[in-house]
Amino acid sequence: MLIKIGYDLTFEARAYLPMNLMLYVHPSRIHDLVRPDQVHVEPYTNLVTYHDSFGNTVARIVAPPGPVRIWGQNHIRDSGLPDPVPQYELQHNVQDLPPDTLQYLLPSRYIETDRFQDIAWNLFGHLPAGWGRVKAVVDWVHSHVTFGYQHARNTRTAMDCYHEQVGVCRDFQHLCCALHRCLNVPARYVTGYLGDIGMPYNPAPMDFSAWHQVYLGGQWWNVDGRHNVPRIGRILMAVGRDAADVALTTQFGPATLTSFGVTTEVVQEIPAQVGVMA
């Protein structure tokens, strides 16, 4: 399967504005890209990339005053298969976990594991460890939280979501991660592309998506508290402890986002030339 992916963002900067851009496809998927991954900035601005402590690719720029357009477009090959389900994978004992997974058991900016210990064990402690308990957490969050863009709030934490029972993608994933971590399952936050491939038509504008991953049986598995069904065409961009680690853009000064567009769609063939996104 070939998927067209892209984004087109415009900011209005009041002065010279340092920015970090986490808009690249994750290094684990770069070999699936048809062309090298590039972030375009208009007007032209010097761009430097680095890899953060989680292995994500980040660009640094200093945007000039005025309108600044940031865009990218590519095609990526995908298996076309839905998310695999780790129903037979075992949960590791904490003492047996790889050291690099341990940070995903700890509290972070939006995930207050210290406040969820009793809640998690009271709700799910009676269930056998492993996929069954993980799935029970996701089912519970999916059924207890109502999705709606009108509920978006960038300060909402996992505990806020637990009490308010409303949110957007990130809130579902933060709450799932909080409960998983308290049950000794490493859980990390993910951002990326997720189109409506294989799903009923959705007239809403396309957006980036959030999901999370759990560590079972020696590897990471995609799980999604909002959609709660295996999906086709997840394109990983960045992973971290929570949304604070994987912000798509970070501005170090005042700026206004004036336009925003995301593309994720299946295509039959690659155009001979790829120009500016419409």
So which residues in region 206-241 are of a type in the set (A, V, I, L, M), assigned to a strand (DSSP E or B) and open to solvent by 20 Å² or more (accessible area, probe 1.4 Å)? Ile232, Leu236
Of the residues Gly217, Gly130, Gly148, Gly225, which single one is closer than 27 Å to Leu21 by Cβ and of a type in the set (Gly, Ala, Ser)? Gly225
Quick one: in region 52-101, of everything that is in a loop (DSSP other than H, G, I, E, B) and of a type in the set (S, T, N, Q), which residue is farthest from Asn184 (Cα to Cα)? Ser79
Would you please name the residue that is nearest to Val246 (Cα to Cα), looking only at residues in region 121-132 that are part of a helix (DSSP H, G or I) and open to solvent by 20 Å² or more (accessible area, probe 1.4 Å)? Trp131
Going through region 133-176 one residue at a time, which ones are open to solvent by less than 60 Å² (accessible area, probe 1.4 Å), modelled with pLDDT under 95 and over 19 Å from the mean Cα position of the chain (by Cα)? none
Give the residue that is nearest to the chain's Cα centre (by Cα), with candidates limited to residues of region 86-98 that are of a type outside the set (S, T, N, Q) and open to solvent by less than 70 Å² (accessible area, probe 1.4 Å). Pro86
Which residues, taken from region 86-141, are farther than 23 Å from Val239 by Cα and among the β-branched types (Val, Ile, Thr)? Ile119
Verdict on Thr57 being hydroxyl-bearing (Ser, Thr, Tyr), closer than 30 Å to Gly198 by Cα and open to solvent by less than 80 Å² (accessible area, probe 1.4 Å): yes
From the list Ser53, Ser28, exactly one residue is free of Cβ contacts under 8 Å to residues at least 24 places away in the same chain, under 19 Å from the mean Cα position of the chain (by Cα) and closer than 21 Å to Val246 by Cβ. Which is it? Ser53
Only one of (1) assigned to a loop (DSSP other than H, G, I, E, B); (2) surrounded by fewer than 14 Cβ atoms within 10 Å (Cβ to Cβ); (3) modelled with pLDDT of 95 or more; (4) not charged (D, E, K, R) does not apply to Ser28, and that is (1)
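The values are calculated or read from the model by the stated rules, or taken from the named source; none is laboratory data. Since we're looking at a predicted model, the values are computed, not measured. Because the Cβ atoms are built from the backbone with ideal geometry, glycine has one as well, and the counts that use them run over all protein chains shown. In case anyone asks, the SASA skips ligands and DNA or RNA and just uses the protein heavy atoms, side chains included. Shrake-Rupley method; radii C 1.70, N 1.55, O 1.52, S 1.80 Å.
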